[in-house]
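Working notes, structure below.
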Amino acid sequence: MNDFQLQRLGLVMEPEPGNPMEMEGVLNPASARGRDGQLYLFPRLVARGNYSRIGIARVRFNEAGDPVGVERLGIALGPEADYELRPDGGGCEDPRITFIEPLQRYVMTYTALSSRGPRIALAMSEDLFHWERLGLAIFMPYEGVDFNDVANKDALLFPVAISDQDGQPAMALIHRPLFPGTGPDETLHCRFPRVVDILRESIWISYHSLVNVVCDKHHHLCHFDSHRRLATPVAAWEQLKIGGGTPPILTPQGWLFLYHGVCEALHPPDSASRLSYSAGLLVLDEKHPHLIRYRSPEPVLTPELPKEREGVVPNVVFPTAIDRRDDLGLPDRFDVYYGMADKRIGVARLDVPERLPAGALADPPQAKV
């Protein structure tokens with residue numbers, strides 16, 4: 001039995017009838033507690049032609065404290081910069097938001113979709129309502145591997161300074177570069193068991209030193225100059241690809257975050273949809289987060305409900321936001337917001353156990369560099 005299994009609470013947001021900005025889906029939100037204590041969601045709003053904006057909405061709760069819906073407040077970011085635009089549209093997609101304590105600012109990572117493909121972009125805010133673009137993330141090479149000229153998305157930031165490889169305080173970013181040949185549509189056609197390339201199929205942690213950061217030079221926060229490999233596909237439910245999910249949040253057991261894993265769907269709804277996206281969970285060492293303390297052997301959430309199995313992309317649960325329920329006096333309870341079949345947003349409850357169970361291996365035995 002999985003000690004971290006999530007309990008579904010229900011649907012919190014779906015496309016608003018007659019709203020052209022949402023006609024192709026409402027999905028994969030960021031979340032953040034504002035300075036007013038309210039919880040805000042930042043959903044990806046998809047218009048015709050996969051043209052995406054990042055909205056902002058206030059979460060509504062029932063008397064028991066469970067999220068039950070949202071109040072729409074407008075648009076946080078829409079495609080404007082050249083790296084968010086392409087001739088047939090563009091997009092600002094799949095945000096995550098973290099309050100970075102050393103900067104005393106909210107920082108959003110999101111996917112900027114231009115003619116170059118998806119790339120990680122960053123923006124900053126003092127109040128969650130006004131955002132300053134910082135630009136695209138830029139990475140120094142690692143052992144001959146260049147992270148810059150490949151698709152990259154689903155980036156997650158730590159809220160506090162993390163020691164980099166030189167022991168200096170740094171802003172740390174979790175990300176998964178999507179090198180050619182490592183997408184789930186491509187690995188689906190490989191023979192199994194297949195050999196995993198641990199450099200090109202891994203989740204990474206990259207660092208930006210905070211030693212000499214000056215407040216008026218926040219655009220330099222996009223530069224990441226050192227890297228550590230974190231995790232590679234291991235289990236059958238993640239054998240085609242793994243990638244980021246919710247931003248890491250500190251618990252007594254370590255840094256907890258959910259990630260996504262992709263496998264072949266057992267009962268695909270049609271011949272064009274053969275993939276299934278599930279959610280797993282990692283707990284990382286507090287002081288050295290490149291070290292895995294626990295990894296869920298089985299998924300903590302799989303597509304089971306009709307609204308998770310039927311939609312724009314069938315068979316998808318995709319966690320992107322997590323909220324610690326300190327407001328209820330429950331620091332071990334978390335609400336996890338997730339995309340449902342790339343169409344709607346659901347929420348599930350996670351109660352963290354007092355002790356970590358035994359976890360899975362960090363890398364598969366047959367992995368190679």
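Data table
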quantity: Residue check, Glu24 of a type in the set (Asp, Glu), surrounded by fewer than 21 Cβ atoms within 10 Å (Cβ to Cβ) and touching a residue at least 60 places away in the same chain (Cβ under 8 Å); calculated: yes
quantity: Options Met171, Met140: the member that is surrounded by fewer than 16 Cβ atoms within 10 Å (Cβ to Cβ), hydrophobic (A, V, I, L, M, F, W, C) and more than 30 Å from Glu264 (Cβ to Cβ); calculated: Met140
quantity: Ala137 being closer than 18 Å to Arg228 by Cβ and within 19 Å of the chain's Cα centre (by Cα); calculated: yes
quantity: Pair list, Cβ < 6 Å and 6+ apart or interchain, from segment 240-254 residues that are over 11 Å from Leu157 (Cα atoms) to residues that are in a loop (DSSP other than H, G, I, E, B) and of a type outside the set (Lys, Arg); calculated: Leu240/Leu188; Ile242/Pro233; Gly243/Asp154; Thr251/Val352; Gln253/Leu356; Gly254/Asp285; Gly254/Glu286
quantity: Contacts under 9 angstrom Cβ, first residue in segment 144-173 being basic (Lys, Arg), partner buried (at least 18 other Cβ atoms within 10 Å of the Cβ) and not in a strand (DSSP E or B), 6 or more apart; calculated: Lys153/Arg176
quantity: Residue among Gly69, Gly10, Gly34, Gly65 that alone is surrounded by fewer than 18 Cβ atoms within 10 Å (Cβ to Cβ), within 24 Å of Leu328 (Cβ to Cβ) and touching a helix residue (DSSP H, G or I) at 6+ places or on another chain (Cβ under 6 Å); calculated: Gly65
quantity: Single unsatisfied condition, Thr246 versus (1) modelled with pLDDT of 90 or more; (2) touching a strand residue (DSSP E or B) at 6+ places or on another chain (Cβ under 8 Å); (3) over 20 Å from Val317 (Cβ atoms); (4) not in a strand (DSSP E or B); calculated: (3)
quantity: Cβ pairs under 6 Å, 6+ apart, first in segment 45-61 and among the β-branched types (Val, Ile, Thr), second surrounded by fewer than 22 Cβ atoms within 10 Å (Cβ to Cβ) and assigned to a loop (DSSP other than H, G, I, E, B); calculated: Val46/Glu24
quantity: Failed item in (1) modelled with pLDDT of 95 or more; (2) in a strand (DSSP E or B); (3) crowded, with 23+ Cβ neighbours inside 10 Å, with Met124 passing the rest; calculated: (3)
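The values are calculated or read from the model by the stated rules, or taken from the named source; none is laboratory data. Since the structure is predicted, the reported quantities are computational estimates derived from the model, not experimental observations. Heads up, the Cβs are rebuilt from the backbone with ideal geometry, glycines too, and the neighbour counts pull from every protein chain shown.
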